[in-house]
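Since the structure comes first, as structure tokens, the remarks are kept for the end.
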Amino acid sequence: MKPVIRIKDKTFERSISSAKILMEVKRMAASINTALADDSPLFLVVLNGAFMFAADLMKEITIPCEVSFVKLASYHGTKTSGNVKELIGLNETISGRTVVVVEDIVDTGITMHRIINSLNTMQPKAIHIATFFHKPDALQKDIQIDFVGMRIPDAFIVGYGLDYDGYGRNLKDIYTLINE
Ligand code: IMP
């Protein structure tokens, strides 16, 4: 039996182990190290969800780079709110730079699309997307995702930085919502 946890009114069962996650993070970091070796990229970590992934990823990045943090609207309940706030906290000059947006998950892609549009107005040299999770079946926007950790089914998950109503971000494994 898979371990089960309860968060507020919902039940989740363990679906992806932390060992598997770390293996995929290392693989992802290796491809970024190779692909962007000469670009001195600026990694822009999207808070809050990407904090755990970014910490693991950046430890495996060996090329010269900078790391900074930006923030967007929070995510309410188990459905993405279509109403995404502005990108805040960006203090770096983006113009002429190679930027890697580090996200926990691309679901509908609405959030990422918004971030890319916003960054594009600042004349970067290139923008790359690095997301740990991607739900291809939920994608509604035409965005190019350069680096993906794991493609997962269109089901709600918590753990590894991802929350349900603010809870579950601290879990090191991933738990998937059980539809009761
Ligand atoms: P999108 O705009 O639909 O791609 O959603 C992006 C944001 O929604 C992510 O950065 C997460 O904060 C949140 N999100 C999407 N799917 C999940 C999930 O399964 N669990 C927790 N948060 C999620």
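Under 5 Å from the amide H of T98 lie the amide H atoms of L42, K125, A126, each residue being 5 or more positions distant or on a separate chain, with H modelled from the backbone and absent for Pro and chain starts. Run through the DSSP bridge list for the chain and note the antiparallel percent, rounded to the nearest 5. Here the antiparallel bridges make up roughly 35 percent for the chain.
Among 19-30, 122-133, the peptide with the highest mean count of other Cβ atoms within 10 Å heads the list, and the full ranking is 122-133, 19-30.
Can you spot the lysines whose alpha carbon is less than 20 Å from K141's alpha carbon? Ignore those fewer than 8 places along the same chain. Output for K141: K79, K85. Amide H contacts for D146 (H built 1.01 Å from N in the peptide plane; partners 5 or more residues away or on another chain; cut-off under 5 Å): I129. Pull up the cross-link candidates among the aspartates and glutamates for K125, meaning alpha carbon to alpha carbon under 19 Å and not fewer than 8 places away within one chain. List returned: D38, D39, E66, E92, D146. Helix 18-35 and the longest principal axis of the Cα set of the chain meet at an angle near 20°.
Measure nothing fancy, just the Cα-based angle from helix 51-60's long axis to the longest principal axis of the chain, in degrees from 0 to 90, nearest 10. Result, in degrees: 50.
The amide H of S15, built 1.01 Å from its N in the peptide plane, has I174, Y175, T176 as neighbours under 5 Å, considering only residues 5 or more places off or on other chains. Annotation for M122 and A19: the two label points, set 7 Å from Cα along the Cα-Cβ direction, are 4.0 nm apart. The relative contact order of the chain, computed from alpha carbon pairs under 8 Å that lie at least 6 residues apart in sequence, is 26 percent.
Since every read-out is calculated from the coordinates, none of them should be taken as a lab result. Keep in mind it's a predicted model, so treat the numbers as computed, not measured. Methodologically, a virtual Cβ is constructed for each residue, glycine included, from the backbone with ideal geometry; neighbour enumeration extends over all protein chains shown.
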